[in-house]
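Below is one structure, written out as structure tokens, with a few remarks after it.
The values are calculated or read from the model by the stated rules, or taken from the named source; none is laboratory data. The shown structure was predicted, so the numbers you read here are calculated from the model rather than taken from an experiment. Neighbour counts run over all protein chains shown; Cβ positions are idealised from the backbone, glycine included.
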Amino acid sequence: MGEAFLLIVRWLHAIAAVTWVGGGIFYWAVLKPALRTQDSNTFMARVAGPEFGQLVGVAMGTLILTGSILAVDRLSEQEATGTYGILLGVKILASAWMFAVVLARRRPRRGAESQGSSKTAMSFLTSVNSSIVIGLVVFFLSDMLRFLIERNLAQ
Ligand code: HEM
């Protein structure tokens, strides 16, 4: 694959990852504490939930597409050892868990109609918490993958 193309794919992958996990951290560390103390609770929950949900949807699609391209490229390299393959498999499983959390929260649940849109939006945002922890693990796994390749290149 062309080097310029791969550079753009890697850049898109990193931007999507930072948007998702960074957005989740912002929600958890800044927005959620603020919502607890402000009167604007309902408005923020109604606006921030669906907007962030859309952003996560775009990030998820981008991560799957660009991640698949990066994986095919890396696995065709000589430096990609068995350890690399196993670690990539663990990363894909962890990513699948993140995607599943988002998709599960999007499915309309029984009784959701009676909850009201602000409560539904809040409950979507709350699910972001579990994605943050897995997302941070996925970031670490990605750094390990890169480290493995660079170490094998240096040998
Ligand atoms: C279908 C799911 C995914 C696949 C197949 C995938 C695959 C890959 C591959 C092959 C690499 C290159 C690793 C290397 O340098 O050898 C990579 C890098 C990376 N991935 Fe993923 N990934 C996926 C999802 C995710 C998710 C969900 C996140 C974050 C939450 C993420 C964050 C990153 C980061 C931060 C890098 C490093 C980018 C860089 O060095 O510029 N990936 N990914």
Pairs please, first residue from the range 51-73 and of a type in the set (D, E, K, R), second anywhere and more than 8 Å from the ligand (Cβ to nearest atom), Cβ atoms under 7 Å, 6+ apart in sequence or on different chains. Asp73/Met1; Asp73/Leu6
Are there any pairs, at least 6 apart or on different chains, whose C-beta atoms fall under 6 Å, with the first in the range 78-94 and within 15 Å of Leu153 (Cα to Cα) and the second more than 9 Å from the ligand (Cβ to nearest atom) and outside any loop (DSSP other than H, G, I, E, B), and if so, which? Glu79/Asn152; Glu79/Leu153
Can you name the residue in the range 103-142 that is away from the ligand (no atom under 16 Å from the Cβ) and not in a helix (DSSP H, G or I) and, of all such residues, is modelled with the highest pLDDT? Arg107
Identify all residues within the range 49-75 that are more than 17 Å from Ala16 (Cβ to Cβ), modelled with pLDDT under 95 and out of contact with any Leu (no Cβ under 7 Å at 6 or more places or on another chain); write none if there are none. Pro50
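How many residues does the range 76-102 hold that are part of a helix (DSSP H, G or I) and more than 8 Å from the ligand (Cβ to nearest atom)?
Taking the range 76-102 as the starting set, the residues that turn out to be part of a helix (DSSP H, G or I) are 82-102.
Within this subset, residues satisfying the condition of being more than 8 Å from the ligand (Cβ to nearest atom) are 82-83, 85-87, 89-90, 93, 97, 100-102.
Count: 12.
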Of everything in the range 1-38 that's in a loop (DSSP other than H, G, I, E, B) and without any contact (Cβ under 8 Å) to a residue 40 or more places away in the chain, which residue is nearest to the ligand (Cβ to nearest atom)? Gly2
